[in-house]
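Taking it in order: structure first as structure tokens, then the write-up.
Only the coordinates and a few stated rules stand behind these numbers; no lab work does. It should be emphasised that the depicted structure is a prediction, and the values quoted were computed from it without experimental measurement. A quick note on method: Cβ atoms are made from the backbone with ideal geometry, for glycine too, and the neighbour counts reach across all protein chains shown.
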Amino acid sequence: MKITFDYTPEQIELVKAMASKNRDTAYEAQAALAVLIQPMLAEVISQAPVLSNLFTEIRYNADDNVSIPLDLYYDVTDEDYVEVWSQTQAGGLPTSQVLPTMSEMKMHTYSLDTAVSFDKKYAQKSRLDVVGKTMTRVAQEILLKQNSMSANVIMTALANATTNSKKHVQRTQNSGNFVLQDLNEILTLAKRILTSWYGGSPESRGKGITDLIVSPEIVEKIRSMAYNPINTTTGPLGGTSAEGIVAPDEMRMSIFRNAGIPEFYGISIMEFNEFGVGQSFNSVFDTAAGSTQYTDATGGGSAVFDGASEEILVGIDRTRDSLLKAVAVDEDDGVFSLAVDDQWSVRQGKIGWYGGLEEGRTCLDDRALVGKII
């Protein structure tokens, strides 16, 4: 992510004015830049390819209390059918709240704030690159906090999800390895979880997963399918050995041509450095899972998740209205607010801004989430 300013005469003069010895002139210039940059920052934050933007945005008035009418999202009336995982404060642990579907759920929201500053001498010298870097830092800090909030909700919901007596998380049969069979198993798990309201076949049968969130190490294992055997069963007609069979030539060539692997098996691959053994989101799942025992697809290999030696792969069905984020909108239809930070005196020689947004995140239906322990 990079926010830059064009070196136009107007923008150069605006930046110079921020360093004016006239306090009113300097304040007005800083306020004008804040108004100019607010929409850009809001767009960057909402479109960045990060975990937090897997949530569907719903907007509400800043002076209102946001709520979700659950009966519009579900067709059943069983009291214990909807299990909602919601976060009540920034950095807090999401809690489960079981609600009847004929109910209105109030969402808790919280503020995500940031404050930045730089030396006034850079404005005097028309250093637009410094201003751009400062605004980039504003967006980065908000995105970092949003990612943490999102991971808390997703990992907590996934770690504790159970549907039709099936946990939403399975183990691979070969620890530390990820092959086509593991992807095939998680697709089947998603279909078993996603049933109609009476427990049968749904009206529309899709893959059950639209996106896989993985670590760079998992993407490495997918790339290796171009040259490693992919079969896991023995030979036909009672054969006793499993010969090394490679993937079809067309599939291997596709992997060779697309080293980045943006899509695999018709599923979008999202690669995050926070996933993987010992990484931050992996640790969040480890904490949320606690002492829960997870098995492989056959029901064997039951064990507690160990974040020090294992990693979690997350599958999401983004066609379902499951992951929602409520964002407050001010009277000017703005999502992100940025204001002049007037704490600096003339002697300190600083220029700064502070800003943020108010939001809340929730997982309405944990059936949209599945996972694989590797």
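Shape of segment 253-374 from the C-alpha gyration tensor: prolate (a/c of 1.5 or more and a/b above b/c, with a ≥ b ≥ c the square roots of its eigenvalues). The peptide list 134-141, 359-366, put in order of mean Cβ contacts within 10 Å with the highest first, becomes 359-366, 134-141.
Of His168, His108, the sequence from fewest to most neighbouring Cβ atoms within 10 angstrom is His108, His168. For Thr163, nonlocal amide neighbours, meaning residues 5 or more places apart or on other chains whose placed amide H falls under 5 Å from its own, are His168. Coupling constants for segment 168-185 follow from the phi torsions by the Karplus curve (6.51 cos²θ - 1.76 cosθ + 1.60, θ = phi - 60°), and in residue order they are 7, 10, 10, 9, 6, 6, 10, 4, x, 10, 9, 10, 4, 4, 5, 5, 4, 5 Hz; glycine and proline get x. Distance between the pseudo-spin-label points of Ser268 and Glu13 (7 Å out from Cα toward the beta carbon): 4.4 nm. When each of the peptides 294-302, 12-20 is scored by the mean number of other C-beta atoms lying within 10 Å of its residues, the order from highest to lowest reads 12-20, 294-302. With a Förster radius of 22 Å applied to the C-beta separation of Ile58 and Gln89, the computed FRET efficiency comes to 0.70.
Between Thr292 and Lys21, the contour length at 0.36 nm per residue exceeds the Cα-Cα span by 91.3 nm.
The residues neighbouring Gln38, those whose beta-carbon lies less than 13 Å from its own, together hold a net charge of -4 under the Lys/Arg +1, Asp/Glu -1 convention.
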